[in-house]
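Notes follow the structure.
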Amino acid sequence: PTVATKQKSGDPFKQTLTVKDMVVWGLICMVPISPMAIYGGVFTDSGGMPTLAFLIGFVAVLFSVFSFGIMIQHFPSSGSIFTYVSHVFGKAMGFIAGWLMLLQYLVSPALVYLIAAIAIHSMVPSIPILALCFAFLVIVGVVSVIGMKTAMVVNKVALVAQLVILALFVGFGVAFVVQHPETVSFSPTNVFNPDKFELGGTMSAVSLAVMSYVGFGAIATLTQEAKDPQHGPSRAMMVMAIVLCVLYVAQCFIATCVDPTGAGFAGDTDNAFYVVAKMAAGPWLMILCAVGVALAQGVFTAIAQQNSIAFVMFTMAKGGCLPKFMAKMNKRTNSPLNAVFFIIALSVVLTLIFHFSGINMNTVAKISNFGALSTYTMLNVGVIVFCWFQLKQRKGAKALFMHLIFPALGAIVCFAIMLSVGAVALTVGVVFILIGIAYYLVLTKVLHREINLG
C-alpha cells in the first residue's frame, strides 16, 4: 500500500528532471572535491586517518539512502524528511524535523562562502576573509535568481571542472609517492593505524567528514520536478553515494600517502590539502585546487544549495509553518524567489555572526551536520515505525533488512556521530530545537494556525 501524495493539476512544479540531472545536481551540492576544504581538520581529529573517517561517514549515510528510497516511494513530495515524519509521527514531530532541516540548510550557504573565502585568502592574504565572503555572496545572489534550468547548465560545466582537478591531483599524487619510496608509500596504515586509533577522535573526525555526504538529501527536495518521482530520486541518491565515496576516499588516501605525518601543514590545517597539492606537483596545483574549491563551494554549490533550500522553505510555507510570502512561485524562473531573497539576507547575518564570534569553519560545518544527522536519525526511525509496525511489512528477508535492520543501524550510527560534533555545535543544536518548539507552540496554540506538511 502507498499513501503517496499526488501532484495536483495546479502545482507550479514542472516534472522535467531525469536521474542524470538529479545526480549532477546532487554532485554539485555535495562537491566531488569537498574533502579538500576540510582535509586538515579531519586529518587532525582522526590522528592521521582521514580516509577511515570518510569511509565511516559513507556507511552512516548509506543506510539513510536506503531509508530515503523507501519513503520517497510512499511520499513523493518536495517536503522531504519533514513530510515523512509528519505522516508517521504527527504534525508536531514533522515540524521539528523540518525545523532541523532548516538548521542544516540555512547554515550551509554561510559555510560554503567561508570555505571559498579561506581558499582564496590562502593565496591572497591581503584580501580579508569577510570581504571575500561577501564577494561570493553577491555573485550567488545575482546568479541564483536565473532559475533551475540555467543553473543546471552552469553546474554541469562546474562538475566537469572539479573532476578534472581531482584527476590531476590523483595522478600527480601517485607519481610523487612512486618517485619517493624512501619517505612515503601506499601503506595500509594510512587508512587504519591501530597504534594511533582513538574512538573519540575518530568520531569527531567523522562528524566533520560527513559534511561532504549530507547533501544527498537535497535530491529529495527535487522529487516533484522528477520525471519518475517514485524511483528516480532514490536511484540518483544511491549513484551519488557510491561515486562520491570512491572519489573522497581516493583523494584522502593519496593526500595522506604524500604527507603521512601532516608535518607539511602543521599549524595551517585550513589550507592543509592545498599544501599537500603543492608538495605533489608544485604551486600551480596548489592554486588550481584552491581556486577549484573556491568556485565549487562559493559559487556553484551555493547556487545549488540556495535553490534546494528555497524549495524546502516553499513547501514549509505552503504547509503553514513559515510566512506565506515564501510560498509564492516565480513563473519565469520556476523558483520561489521570495524564499531565495530571504536566504541571501540570512546568509549576510550569519556570515557576520560567524566572523565576529570567532567560530571557525570546522565548527560551522559541525553545526550544519547536527541538523542533517538529527533528521537522518528521525528518518531511519520513521522507516521502522511506518513499514515494520504501521504497514506491517515484515515478510521475507528483504523486508527484515530494509524495514528493520538497515534503518536501525542507520539511526544508531547517525545518532552516535551527531553526539560527536563537539560542545559548541551541540549547544547551538539544542538551543535551536528549543526555539523551534516554542515557535511551534506559538503557531498552533496562540495563533491557532493549521500545520499541514503532508
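What follows draws every value from the coordinates through simple rules; no lab data is involved. Just so you know, these numbers come straight off a predicted model, no measurement behind them. Note: ideal-geometry Cβ built from the backbone for every residue, glycine included; neighbour counts use all protein chains shown.
If amide H atoms are built 1.01 Å from N in the plane of the peptide, which residues on other chains or at least 5 residues away come under 5 Å of the amide H of Leu17?
Ala226, Lys227
Find the percent of Cα-Cα distances in the chain that exceed 27 Å, and round it to a whole number.
51
Arranged from highest to lowest average of other beta-carbon atoms within 10 Å per residue, in what order do the peptides 385-398, 306-319 appear?
306-319, 385-398
What are the ³J(HN,Hα) couplings of segment 38-50, residue after residue, when phi is run through the Karplus curve with 6.51, -1.76, 1.60 and θ = phi - 60°? Round to Hz, x for glycine and proline.
Result, rounded to whole Hz: 10, 4, x, x, 5, 4, 5, 5, 8, x, x, 10, x.
Which peptide among 357-367, 128-138 comes first, and what is the full order, when sorted by highest mean count of other Cβ atoms within 10 Å?
357-367, 128-138
Which of the aspartates and glutamates could be linked to Lys324 by a straight reach, that is with a Cα gap under 17 Å, when you skip same-chain ones fewer than 8 residues away?
Reachable aspartates and glutamates: Asp11, Glu450.
Once amide H atoms are placed 1.01 Å from N in the peptide plane, what residues at a sequence separation of 5 or more from Ser335, or on another chain, have their amide H within under 5 Å of its amide H?
Residues meeting the criterion, in which the H sits 1.01 Å from N, are Asn330.
Restricting to DSSP H runs of at least four residues, report the calculated mean residue ellipticity at 222 nm for the chain, -39500 (n - 2.57) per run over all residues, nearest 500 deg cm²/dmol.
-22000 deg cm²/dmol
On the Cα set of segment 286-333, report Rg and Dmax in Å, please.
Radius of gyration, then largest Cα-Cα span, for segment 286-333: 15.5, 48 Å.
If the cut-off is 17 Å between C-alpha atoms, which aspartates and glutamates fall inside it for Lys278, apart from same-chain ones fewer than 8 positions away?
Cα-Cα hits under 17 Å: Asp259, Asp268, Asp270.
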